[in-house]
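Before any comments, here is the structure.
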Amino acid sequence: MPTVGALVRDAQRGRVGVYMGTAGPFAMLRPVGGGKEWQAEPGDLQREVSTYPRPADIEQLRAAYRLHLDECETCAAACDIGRALSLACEEATNPAESAPRAGAS
């Protein structure tokens, strides 16, 4: 399962969302910009940050990070979700710089 706050794609619905945890056998996702959560089958989840993300996906990711910073009271101490969203934004914006290098361990 992804970590809470990870950006994932629900392959069955073709939607991108933020992984919020589980409820029974289902993964719970929320829209990147906020909104009503939905249930997804855990096997339908795919990591969203790719080598060549679409500009719209990058903007959605940045919006999720801004929203998180506005709503999170612990981000002054760099909470796990804030760090994960920040790292995902960086990876999406600079995929070549954050990709593992050949021979690196």
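The values are calculated or read from the model by the stated rules, or taken from the named source; none is laboratory data. All figures in this text were calculated on a predicted structure; none of them were measured in a lab. Cβ coordinates were reconstructed from backbone atoms using ideal geometry, including for glycine residues, and neighbour counts include every protein chain displayed.
Yes/no matrix, rows are residues, columns are (1) loosely packed, with under 14 Cβ neighbours inside 10 Å; (2) in a strand (DSSP E or B); (3) at pLDDT 90 or above:
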| residue | (1), (2), (3) |
| --- | --- |
| 2 | no, no, no |
| 5 | no, no, no |
| 13 | yes, no, yes |
| 28 | no, yes, yes |
| 33 | yes, no, no |
| 39 | yes, yes, yes |
Determine whether residue 53 is buried (at least 16 other Cβ atoms within 10 Å of the Cβ), closer than 19 Å to residue 3 by Cβ and either at pLDDT 80 or above or not small (Gly, Ala, Ser) (or both).
yes
Can you list residue pairs whose Cβ atoms sit under 7 Å apart, with the first residue in segment 69-81 being surrounded by 10 or more Cβ atoms within 10 Å (Cβ to Cβ) and the second being at pLDDT below 70 and part of a helix (DSSP H, G or I)? Count only pairs 6 or more apart in sequence or on different chains.
69/75
Out of segment 56-69, which residues are over 23 Å from residue 1 (Cα atoms) and modelled with pLDDT under 70?
56
Return yes or no: is residue 97 modelled with pLDDT under 70 and assigned to a helix (DSSP H, G or I)?
yes
Just one of (1) of a type in the set (A, V, I, L, M); (2) surrounded by 12 or more Cβ atoms within 10 Å (Cβ to Cβ); (3) assigned to a loop (DSSP other than H, G, I, E, B); (4) modelled with pLDDT under 75 trips up residue 92, so point out which.
(3)
Could you tell me how many of the residues in segment 70-89 are more than 14 Å from the chain's Cα centre (by Cα) and at pLDDT below 75?
8
